[in-house]
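Here is the structure we will look at, set down as structure tokens.
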């Protein structure tokens, strides 16, 4: 069984394990107050071209989302998100469990628009009974989105402007940020994201680390007492050094971006082969997630040897699936997948 | 600087790192549904001599405490704990953040008694206005406690009986359970704890793992949908295998108990040397935490070379400190500490 | 200014004030343990034809909704509701503030269908990642809905069956229940609602009381410790007698239904006059809320003398408005409104 | 049975009912936006000698406490209170249900001292692990306290100073404020309380109203969006006018203070009679609550004709009870109680 199920099927990139081994018997303070966390934070500040940011390290994405949102909002305030956003769909109501409503908006491609956000804001403002409704105060976007799509520089800028003009916090979930920033269609960098967002995070779990998300806070209001909230929500790792060491390794020599680019490249090989075969996609992506529409028979046949997600029913004979690559995807597995797909092509016709 | 600050100053026991390395490139499902978590759970069931228990793996102690309590209680119910309990003092109100009051009881040594628990229960029952007060429903104890003390078999049995007779859940925080079960004064084993408790956990973070706590649920009511709550509270690790691999390593060949016994032994060497010097202790312990009372000058002098906690002011010339050992404590460091302490003894007199 | 804004613009029906006056100096126990609450509960049990129900009295609708839902659900469970449901839109996130997600479904007329509910349930069950999503456990419906529509006997029965077969609690918000049960299109009674629901309430605030909602719990599981949750959420009125006295008055001699029927009659007079004039409605209703579509000029002109809600933009020249009647609506005001509407009819044409 | 159980055994003062009747058929906007709420707020601003305060009306005390605290604190912050404080003991964990820990301090007489508050503050500040503990941010005091005692001007001023100097909010629960301000020992007025507190409330439920608490917010930060939180917590009464009308009536011609003084006078008659008989008290009070220590036989005998609370066991033969008077207490009942007490005096001896 070869897994294209997700980007966290293996352990960590070998360089990370090496570093963990090399430092294993050193004694350090706990809870992120060690030298490795400090070094990793410094390196991230450098990459973000901003020294006036706070960097914190948490273990996982849901934990990060709920901690950031709980730390930012008053009880009557909610967070705007795409209906397909991770906080809307796949966190078992983690945000609501902190007391806040997720104000979900429909999207075609997982991306919110500046216009949508403004409309929610202004409709709330103009509503005479606004005190009876949740006050929108934060905007949550993911880049790449849960559908593998990415924001352009101008789209993010427009969203950022709407947020700043109207007192909304902008929070970017970067669980797969590396894949976005190394995509062939990308026109942004960490420094630009730092400029645009009040808070965002750089995902490690899905890009080569054992685990870990690096939260960057740019807004002074949101910086205050953030570690208290981390502790309260169970997110202050005792051996915090593990997070520092991992992010230090990922950002020394830009390993993070190298791994991300590799995964994108693997995905692109599959994408081009499928396109050549005339296959269509649920949505066009340039990152490590592909959503091809395949005949159900093809899917059944593939599942004997490959593990991947069946994403969505398209019609009674076709479904969209998700192939996901990572730093650990072997090129030989990619080639085998392509070859098998082409084999099925002759039988079933990938075209519709 | 030599650290006797806590039991999580280093990384993991080398055998754990070896196993992580050896399995690193294997592909597994996420979120604890991999073969290593299954194997580790099986092994723990064996050690607990009970096949009818659920085993879940979480990353840290605060996360585990808040997840277990949130999963167990209805909104109007509270959890009884010692004033010195971890959930009472050192989790930034994590339990209250899930909506539940911690009903704190004073103790001399960090240990609750069956009598105290019964009194809280019966006073609530007899109170005519009981609907206006928090309903006690769960009892939280730690073994060893935050003061290094341990429960005896008969004490735990008495507590368990009071709980069962009165419909209270018994939850044992075993963040340092190994140190307790290998203490010279201990008369319990995992099987007995499994019999007595509705839910407890076996701590890995403080005993040789990079991180990790193994939750054991014996009460069928508390088993239901526990993984939902783990996910909601940010405690379902994406690469769940990391937890499985660690606990598998710790419980194969009883490494867990071996490491615990070693730490206790190191602590005991210090304890005996101090006793010989006539030093008194805040409280008598037989696990990996010692609370000697030292002259403030001795403390100042020691702090130049050693890191440890100043625990509590005793009088204007003396304070209690905490020395904490672990699987990673070097015997040479212990001997050097003793030697230095004896040196100071001549100057300052450890006796009062 | 004549108000057709809502059904709570006046104080209470005179008989209620009379009874409050007559009993004012009597001494009673607090918190709903007085004889009037007992008598009112008995009367409601009689009307519901079920002696095995619990009856509690709360002050307002939002308070009731959040108390019932908080009392019923575990943390990972959510409540299914119409997008237009009161808990979805007009309670400032009160349900989320208790930690629970509202699973919102689109509707045409404010009414959920048994099929929609089943689909949510079964999709969750079949989802392989269901532990990562909120578990649907309760269904919230309003009768009449926020759009003035009502469920038929067979619709409610179908919903109740889906809920029972699949372990979902059915909760009916009856803030305007009287208007529903006395509507010309209604084919249900209190006894039938009692049979179908696990919990529901009979609204007083909008039907003649100063305030008050009578919660009826039929499901034994939901009965347990309900008063604790009421107290915790600030819903246990000190002078609970005020609620008992009001509901006693409303249900003696069926005043509740008499007042409801009167409001429906007043609404119907307006409805028929508008229909005669060729006016169309956003939605067809037979209760005390009407949603006619009027030319914007007509609306402007009317607003000089009448207060009512502009509900929704229809096109650039028309909007839907809401006229709401109550037990206190004067027939002369209704006739004046009709006359004025007919006057505007000549100028602007209510037809489109 | 004559009730000295509490100060909310009857309905409302007749003048309030008169006013409710006189205005009953007027049409007003809902949710506190009516003219009566405005007039009552103006009158209260006048009494507080401060025009720059916000006044809101809620239904009950627990509701008010949880709404104010939820509106004021971030998730990691807690509220300091006396162990005997209402939020500590008698609200079924309402504060914890909003996510906040109550930091309980022991007191002799229900009153916190400036020193105690400072100690909590400074110990938290100096604690190296302060991020692992709840941050004290608000101080909750009651005046009169739950033990009937009152703060002096200088005590309140000292507390206020400690709070202001250290960034703590001061919140005064005035559920029985009138009794305090008309006590013979009182040296404060509303204007002084307004100066000292960030937020406080003037209780109506226990002093002549059917229900109602008037919240006064002086701190601009706490004013923001308070009505949203009221709505979210179920505290925005639909017929808000009922609260406006009641407080308008209570503060026109100082009826509030007149009723309070009357109740204190009734209590004082009992107090003096008991003192003459040599009876001692659990605590000395000058408001409407008395806590005499009586022989258990006396208590048993009295309970045949009087309802009152048995407060606390003193020794095997004596208990402290609570007698509570109100605006509605009849002087004849007071005299009868005294006479009966004196009768029992001859038999049992109130002295110890």
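Bear in mind these aren't lab numbers, they're just calculated from the coordinates by the rules spelled out. Note that the structure is a prediction, hence the values are computed from the model and not measured. Note that we place each Cβ from the backbone using ideal geometry, even for glycine, and neighbour counts take in every protein chain shown.
Just the number, please: percent antiparallel of the DSSP beta bridges in region C:14-255, rounded to the nearest 5.
Bridges in region C:14-255 that DSSP calls antiparallel: roughly 40 percent.
Kindly give Rg over Rh for region A:264-339, based on alpha-carbon atoms, with the Kirkwood expression for the hydrodynamic radius.
Reported Rg/Rh (Cα atoms, Kirkwood Rh): 0.93.
Springs between alpha-carbon pairs under 10 angstrom, Gaussian network model over chain C: which of C:41, C:209, C:22 fluctuates most?
Result for chain C, Cα springs under 10 Å: C:22 fluctuates most.
Given the convex hull over the Cα atoms of region A:93-133, what projected area results after averaging over all orientations, in nm²?
About 3.8 nm², averaged over all directions.
For residue C:115, place a label point 7 Å out from Cα along the Cα→Cβ vector, do the same in each other copy, and report the separations in nm, one decimal, smallest first.
Reported distances to equivalent positions: 3.3, 6.8, 7.5 nm.
Over all directions, average the projected area of the Cα convex hull of region B:93-207 and note it in nm².
7.7
Would you give the gap between the C-alpha center of region C:125-200 and the C-alpha center of region B:75-100, rounded to a whole Å?
37
Using all alpha carbons of region B:1-71, what is the percent of pairwise distances in each 10 Å bin, ordered from the shortest bin to the longest?
14, 32, 39, 13, 1
What number, in percent, do you get for the relative contact order of region D:14-254 if the mean sequence gap of Cα pairs under 8 Å and at least 6 apart is divided by its residue count?
Answer for region D:14-254 is 31 percent.
Starting from the eigenvalues of the Cα gyration tensor, five times each then square-rooted, give me the equivalent ellipsoid semi-axes of region D:1-142, largest first, whole Å.
Calculated on Cα positions only, the semi-axes equal 36, 20, 15 Å.
Can you compute the modelled spin-label distance between residue C:252 and residue C:35, with each label point 7 Å from Cα toward Cβ, in nm?
Placing both labels 7 Å beyond Cα along the Cβ direction yields 1.2 nm.
Which value at 222 nm does the protein assembly as shown reach when only helices count, each DSSP H run of 4 or more adding -39,500 (n - 2.57), with the total divided by all residues and rounded to the nearest 500 deg cm²/dmol?
The per-residue figure over the protein assembly as shown is -12500 deg cm²/dmol.
Shielding of B:57-70 by partners, i.e. mean partner chain Cβ atoms within 10 Å per residue?
So the per-residue partner count for this stretch is 3.
Arrange the following residues from fewest to most other Cβ atoms within 10 Å of their Cβ: A:160, A:277.
In increasing order of surrounding Cβ atoms, one gets A:277, A:160.
With each label point set 7 Å from Cα along the Cα-Cβ vector, what nm distance links residue A:154 and residue D:330?
A separation of 8.4 nm, rounded to one decimal place.
Report, for residue D:51, each distance to the same residue's label point in the other copies, shortest first and in nm; define the point 7 Å along Cα→Cβ.
Nearest first, the other copies' label points are 5.0, 6.5, 8.2 nm away.
Which residue is it, in chain B, that holds its beta carbon closest to the axis of the B-onto-D rotation, and how many whole angstrom away?
Value returned for chain B: B:96, 2.
With 10 Å bins from zero, work out the P(r) of region B:140-283 over every alpha carbon pair and list the percent per bin.
Taking every Cα pair in region B:140-283, the percentages come to 10, 36, 34, 16, 4, 0.
What is the fewest-to-most order of D:227, B:176, B:336 by other Cβ atoms lying within 10 Å of their Cβ?
Ascending Cβ contact count within 10 Å gives the list B:336, D:227, B:176.
For the protein assembly as shown, with equal point scatterers placed on the C-alpha atoms only and solvent neglected, what are the log10 I(q)/I(0) values from the Debye formula at q = 0.06, 0.07, 0.09 1/Å, to two decimals?
-0.60, -0.82, -1.31
When only alpha-carbon atoms are used, what values of Rg and Dmax, in angstrom, describe chain C?
20.9, 63
Give me the tail of P(r) for region C:200-352 as a percent: Cα-Cα pairs with distance above 18 Å.
Roughly 65 percent, once rounded to a whole number.
Go from 0 up to the bin containing the longest alpha carbon distance in region C:198-266, width 5 Å each, and give me the % of pairs per bin.
4, 14, 21, 24, 18, 12, 6, 2, 0
Could you identify which residue out of D:174, D:110, D:93 has the top mean-square fluctuation in a GNM of chain D using Cα springs shorter than 10 Å?
D:93
Measuring label to label, 7 Å along Cα→Cβ, what does residue D:126 give against each other copy in nm, shortest first?
4.1, 5.8, 6.5
Would you mind ranking C:307, D:319, C:260 so that the residue whose beta carbon has the fewest other beta carbons within 10 Å leads the list?
C:307, D:319, C:260
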